[in-house]
Amino acid sequence: MPEHTTDEITLFRQSWTLYDSISEMNYMFHREIYAHITALLSQRHADGPYSLLDLGCGNTRFIAPCLKEATPSRYSGVDLSEAALNEAREHLSGLENVALHHQDMLQAVQAADSSFDVIFSGFAVHHLDAEGKKQLFHACASKLADGGHFILVDVVREEGQTREQYLEGYLNCMRTQWTAVRPDHLEEACAHVAAYDFPETFTDLKRMAAEASLKDARVVDRFAQHHVLVFSA
């Protein structure tokens, strides 16, 4: 096995173990959020067969149970980590018509050769800068079937709040409320947030969606900074 591949797997397992442990403690409200995802997908499933594109799918640990409850006719997952996708194959076992792609999520949408009834992304889009988000909204709008939905789970800034103010509040919350996380793991998570989180306000996201011809932007629910949003084609 090439050395760089070994390094990638090691780094993935370390970071994903940390993410999984934090998620298991429910500090980011995964249980409440993915109960909403199950409900949204079940509503779509009740209308007939549907296809789903999952952007930044990771190891699919949290969405896999949703998919088994409301099984899509076709599922495509996209992630930059091959190691994550290897774990995803295990979580998605038993589902048919599953395709996993080692690819950048924006490039994956742009290159898709068919439309999807649902495009989903969980805690990934906030890593893009504002221009990247705009491009992603346009790409998603072009690949959503008529009446389709872009379901976005992500952190969102308050109206009028700067990124710096958001980070100050979120990092303070992590350091004072995530009490069950090991101190070294907590600092690793804080460093990741400080370096890679670029959340927008809901107004900004709604504007980007409208500019891409997506409509009916709505907040399904929110848990502190963590939101479940739906944009319709």
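Summary table
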| item | result |
| --- | --- |
| Gain on full stretching of the segment that runs from residue 43 to residue 95 - 0.36 nm per residue minus C-alpha separation | 16.8 nm |
| All-pairs Cα distance distribution in region 105-233, expressed in whole percent, bin size 10 Å | 12, 42, 29, 14, 3 |
| Positive minus negative residues near residue 174 (Lys, Arg vs Asp, Glu; Cβ under 12 Å) | -3 |
| Local electrostatic count at residue 225 - Lys and Arg +1, Asp and Glu -1, tallied over other residues with Cβ under 13 Å | -4 |
| Two-decimal ratio, region 3-232, of alpha-carbon radius of gyration to 2.2 N^0.38 Å | 0.98 |
| Around residue 138: net Lys/Arg minus Asp/Glu count, Cβ-Cβ under 12 Å | +1 |
| J(HN,Hα) series, region 169-180, from Karplus relation 6.51 cos²θ - 1.76 cosθ + 1.60, nearest Hz, glycine and proline x | x, 5, 5, 5, 4, 4, 6, 9, 10, 8, 6, 8 |
| Protection proxy ranking of 179-189, 49-59, 217-227 - average other beta-carbon atoms within 10 Å, highest first | 49-59, 217-227, 179-189 |
| Only Lys, Arg (+1) and Asp, Glu (-1) charged, at Cβ; the chain dipole about Cα centre in debye | 600 debye |
| Square roots of five times the Cα gyration tensor eigenvalues for region 148-219, Å | 29, 13, 10 |
| Length-normalised contact order for the chain - Cα pairs under 8 Å, 6+ apart - percent | 19 percent |
| Solvent-free Debye scattering, log10 I(q)/I(0), computed from the Cα coordinates of region 171-213 at q = 0.25 Å⁻¹ | -0.81 |
| Interchain or long-range residues, amide H under 5 Å from residue 116's placed H | 144, 145 |
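Any read-out appearing in this document is the output of simple, stated calculations on the displayed coordinates, not a laboratory observation. Note that the coordinates shown come from a computational prediction; the quantities given were computed from them, not determined experimentally. All Cβ positions, glycine included, derive from the backbone under ideal geometry; neighbour counts span all protein chains shown.
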